[in-house]
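Working notes, beginning with the structure itself.
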């Protein structure tokens, strides 16, 4: 039988068929032993072949993973030498952030975009909790919205509390399979529940001691809104690092830097750090690109330089 992975709970996967049947499946040993540098060889959105177990009604064994149109991976937070497969075969990804409660972690948006940009997956940037923004936060919002829209990303300003921007965002999600991600505590589950009432997403409060988010989503899960509209909810992200990218991978996936690299003296081989005749550095000096984005770029490059050989993996 063929189905799509809707939920992952470690060693078991919920697989749904096109006619709506749901099966509790585990992986065949041959898949687990392929030697992939992944903590999980199967992810939400994967199309798989499976066989039902005669002795256990509603259970099955996944025998094969069908070819993917795209996928999103990140460095495993627990096993730094491996990658964690987050989702596959998605139409777009949405990163939910907020400028208050909790404050936006510097560089988080750009690090998130490094998961989508290498695979040409459209990304939406959603600024949540707008009802809590004071004048300073609204000025920051105007800056970030203009910055990312100028380089081609769609941004949304929303509030699950008072309904600001919900209809525009709902239309952007309609008819697509969308991966939803963000830092813990940004109101991800509450926002999705406000967009599509009836979805059973868990919600939680900020920690009173730290002001940071407490995990409410334990495992990734796909929710079917309509036949063509699907939301993939993922656990809150605390840190994004990359052992699968080189410095040139990063340079090529900051889209405005990549466009300028054609004018660099060393072309596509320029890291935009110390090279003479660098068009990106020249644009920075002329205030034609964002110093905020450039500093985030340098921080990511520094992180990659700091990884030792055994942490770095190119095959995944």
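The values are calculated or read from the model by the stated rules, or taken from the named source; none is laboratory data. If you're wondering where the values come from, they're calculated on a predicted model, not measured in any experiment. Neighbour counts run over all protein chains shown; Cβ positions are idealised from the backbone, glycine included.
Side notes on the structure shown:
- From the options 125, 121, residue that is under 22 Å from residue 221 (Cβ atoms), in contact with a strand residue (DSSP E or B) (Cβ under 6 Å, 6 or more places away or on another chain) and either surrounded by fewer than 15 Cβ atoms within 10 Å (Cβ to Cβ) or at pLDDT 95 or above (or both): 121
- Candidates 267, 306: the one that is within 24 Å of residue 244 (Cα to Cα), free of Cβ contacts under 8 Å to residues at least 12 places away in the same chain and either assigned by TED's automatic domain parsing to the domain that holds residue 112 or touching a helix residue (DSSP H, G or I) at 6+ places or on another chain (Cβ under 9 Å) (or both) is 267.
- Output for segment 190-218, where each listed residue is under 20 Å from residue 240 (Cα atoms) and either modelled with pLDDT of 50 or more or not in a loop (DSSP other than H, G, I, E, B) (or both): 213, 218
- Meets criteria (buried (at least 20 other Cβ atoms within 10 Å of the Cβ), farther than 29 Å from residue 219 by Cβ and either in contact with a strand residue (DSSP E or B) (Cβ under 8 Å, 6 or more places away or on another chain) or not assigned by TED's automatic domain parsing to the domain that holds residue 169 (or both)) for residue 251: yes
- Of the residues making up segment 161-189, those that are modelled with pLDDT of 95 or more and either assigned to a helix (DSSP H, G or I) or assigned by TED's automatic domain parsing to the domain that holds residue 44 (or both) are 166, 167, 168, 169, 170, 171, 172, 173.
- Members of segment 136-160 found to be over 19 Å from the mean Cα position of the chain (by Cα) and assigned to a strand (DSSP E or B), listed by number: none
- Enumerated strands (runs of 3 or more DSSP E) restricted to segment 42-109, each holding at least 3 residues that are free of Cβ contacts under 8 Å to residues at least 40 places away in the same chain: 59-65
- Qualifying residue in segment 290-301 (condition: part of a loop (DSSP other than H, G, I, E, B) and either at pLDDT 95 or above or not assigned by TED's automatic domain parsing to the domain that holds residue 14 (or both)): yes
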